[in-house]
1. Across the stretch 145-202, what is the number of residues that are touching a strand residue (DSSP E or B) at 6+ places or on another chain (Cβ under 7 Å), closer than 22 Å to A295 by Cβ and charged (D, E, K, R)?
2. For Q245, work out the one condition from (1) under 28 Å from the mean Cα position of the chain (by Cα); (2) without any contact (Cβ under 8 Å) to a residue 24 or more places away in the chain it doesn't fulfil.
3. Determine if the stretch 266-286 includes at least one residue that is assigned to a strand (DSSP E or B) and at pLDDT 85 or above.
4. I'm checking my understanding of the structure. Among residues of the stretch 164-179 that are surrounded by fewer than 16 Cβ atoms within 10 Å (Cβ to Cβ) and modelled with pLDDT under 90, which one is nearest to G209 (Cα to Cα)?
5. How many residues does the stretch 49-94 contain that are open to solvent by less than 30 Å² (accessible area, probe 1.4 Å), β-branched (V, I, T) and within 22 Å of the chain's Cα centre (by Cα)?
6. Counting just the residues of the stretch 1-45 that are in contact with a helix residue (DSSP H, G or I) (Cβ under 7 Å, 6 or more places away or on another chain) and at pLDDT 80 or above, which one comes out least open to solvent (accessible area, probe 1.4 Å)?
7. Can you list the strands (runs of 3 or more DSSP E) found entirely within the stretch 46-153 that contain at least 3 residues being modelled with pLDDT of 90 or more?
Amino acid sequence: MIRTLASATLAAGLALSVAPAQAKPEPIRGFQVTVKDEQIRASALVPGPAGRKAQLQQFDDGRWVTVAQTRTKRTKATPRARWRVALEDLRQPSAQSRALAGPLAELIRLRAQSGKAKSKPKKVRVTFTYPLAPNVVSGFVGSQLIAPGNEALWSGQVRYEALPNDDGARTVRYRLASASIAWSYEGEKPGCVIKGDGTFTEADLVGDGFVDIGGREGATVVYNFTLRRLATVPLTVTCGNQSSQFESVLGLFLNTLDCPSASQDPGTVPSTYTGQPWSNRKPPFVFFGKVGLNAGNFCTNTLQPPGIFQSWDLTGSDLFEFDDFLAPLGK
């Protein structure tokens, strides 16, 4: 009995020792990449049956990311995969994965993969289309305040101009360059009417803004523009047949990211951006939106008296190329 068990154990050990190890996948061979007509064209020989999924991958931010996918086609020998990718659809290299290859050019790494099989990576020199940003943002801004016995209006045209930027981020910052804002106020108290109107220019206002283009293709454009008044305004009080003037503070301010609230924790609302992706090369940068604060201290996108309501419709122009590792390339 002992001899039988020993023989069985020996046989099992021999069986374990001669079991074949898991075979490594056959590598993808013949990986070729060319750049033609703003397009990456790649092909590779992928072992296995025809019809297998095969990915073209780009090394980005420390990992391999699929940028195109296809299925292998039958040939006389090893099936072949072919990919076509527009340069604007590739990943803009990050600080960890980029290597400068000349003015506005990059060396990127690409490889082919199918299942567990991979090709040797290839370095490819490409010239990326950098995003565009507006040098000028201008257009309409306005606000309306309605409260019991009080109504204030202001609206007009503003122009913001880009500042030189070298902070290494894809953000363009702006200053208020010119403004023409008409304002009016009408209020009442027992037996008296209070009125006033006038025009503000950039000398009476403080304003700035930013446009964040985003670090990746198709990223949302984030922006904010602000405006506020520094000086007081003259108002006329008429009580019967007597009139007098006094200086008063008129709350003129705009912030396209926040509710018009004086609280320490104002509700934040997203600004509205419309336009084509920056890869289009000619994006119409249009920034528009509206936001208010009602009597319940809640943000709203409709006028709900009593409360404050403000709106803006701005357009970017005089576009320039902008790279997140260079200062803006102004004209």
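The values are calculated or read from the model by the stated rules, or taken from the named source; none is laboratory data. Here the structure is a predicted model, which means the values were calculated and not measured. Cβ sites come from the backbone with ideal geometry, for glycine too, and all protein chains shown count toward neighbours. Just the protein is used for accessible areas: all its heavy atoms, side chains included, with ligands, DNA and RNA removed. Shrake-Rupley method; radii C 1.70, N 1.55, O 1.52, S 1.80 Å.
1. 3
2. With respect to (1) under 28 Å from the mean Cα position of the chain (by Cα); (2) without any contact (Cβ under 8 Å) to a residue 24 or more places away in the chain, Q245 is out only on (1).
3. The answer is yes; a qualifying residue exists.
4. Filtering the stretch 164-179 for residues that are surrounded by fewer than 16 Cβ atoms within 10 Å (Cβ to Cβ) and modelled with pLDDT under 90, the one nearest to G209 (Cα to Cα) comes out as P164.
5. 1
6. Here the answer is I40.
7. 53-60, 63-71, 80-86, 105-114, 132-147
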